[in-house]
1. Filter the range 94-106 down to the residues that are assigned to a helix (DSSP H, G or I) and farther than 13 Å from residue 233 by Cα and list them by number.
2. Give the residue that is most open to solvent (accessible area, probe 1.4 Å), with candidates limited to residues of the range 97-122 that are without any contact (Cβ under 8 Å) to a residue 60 or more places away in the chain and over 26 Å from residue 145 (Cα atoms).
3. I'd like to check something: does the range 189-200 contain any residue that is more than 30 Å from residue 73 (Cα to Cα) and of a type in the set (Val, Ile, Thr)?
4. Residue 217 passes all but one of (1) touching a residue at least 12 places away in the same chain (Cβ under 8 Å); (2) under 30 Å from residue 60 (Cβ atoms); which number fails?
5. Do we have residue 232 as part of a helix (DSSP H, G or I), polar (S, T, N, Q) and modelled with pLDDT of 85 or more here?
6. Does the range 58-70 include one or more residues that are buried (at least 17 other Cβ atoms within 10 Å of the Cβ), of a type in the set (Lys, Arg) and farther than 30 Å from residue 214 by Cβ?
7. Would you mind listing the helices (runs of 4 or more DSSP H) fully within the range 118-222 where at least 2 residues are of a type in the set (Phe, Trp, Tyr)?
8. Could you list all residues from the range 215-227 that are open to solvent by 30 Å² or more (accessible area, probe 1.4 Å) and under 13 Å from residue 151 (Cα atoms)?
Amino acid sequence: MKSPVLSLIAQTFSSLRDITPIVLVVAFFQLVILRQPIPNWPELLIGMLMVVAGLSFFVRGLEMGLFPIGESMANAFASKGSVFWLLLFAFALGFGTTVAEPALIAIAGEAAEMAAQGGFIDANEESMMRYAKELRLTVALSVGFAIVVGVLRILRGWPIQVLIIGGYLIVVVMTAFAPPEIIGIAYDSGGVTTSTITVPLVTALGVGLATAIRERNPMLDGFGLIAFASLTPIIFVMAYGMLR
């Protein structure tokens, strides 16, 4: 078994390898196409090193902590045999991880600012904070609902393609009736839920649950929860815009 230090070193080299193409692309267009020197390159270099270090620690932390605990809790709930507590845990996991998602916080704040500038809400701090909070809660509720549906799919063996196609048909119909100013936010909300906090725990839950249940294949049934987490925010946010 590889030691934690060696694993971290290996992960650091892997992160450096992943970041290198981005650095090369930016440097090429800056120096060759734009023919301009790279501004503040010492600060940029330090920032890149911090990104590599942060990414390495983050991925290693997922492997050591979040993935194992997600799988173990899914196994424990499946062994307990209580569907109610399993679904409650699934909803709480989806809601809790999403409401704390940094990408969602940033998008909600930006959406509130743009809504104020466009005259859709009052241009004061209280209105913008309330709008951002309502948007975050709407997306978090939608992801909680999505994880519940995904867990039920694993338990019941429902075909994922039917649920996904049905969901996107709802999205298409709602897009025709939703206020134009909320449509773009709704579609972007579906993307920000699949970020750093939500994905690892939700994926671990699905794989752990499929592993613990007989006649379920972790490869076939354990994945797919993230697809629901990307779909339902679009529906919920458009509904929020239509009812607001």
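The values are calculated or read from the model by the stated rules, or taken from the named source; none is laboratory data. All figures in this text were calculated on a predicted structure; none of them were measured in a lab. No Cβ is skipped: glycine too gets one built from the backbone with ideal geometry, and neighbour counts run over all protein chains shown. Just so you know, the surface numbers come from the protein's heavy atoms only, side chains and all, with ligands and any DNA or RNA stripped out. Shrake-Rupley method; radii C 1.70, N 1.55, O 1.52, S 1.80 Å.
1. Listed by number, the residues that qualify are 96, 97, 102, 103, 105, 106.
2. Among them, the one singled out is 117.
3. Within the range 189-200 (the criterion being more than 30 Å from residue 73 (Cα to Cα) and of a type in the set (Val, Ile, Thr)), the answer is no, since none of the residues qualifies.
4. (1)
5. In short, yes.
6. The answer is yes; a qualifying residue exists.
7. 125-156, 160-177
8. Matches in the range 215-227: 216, 218, 221, 223, 226, 227.
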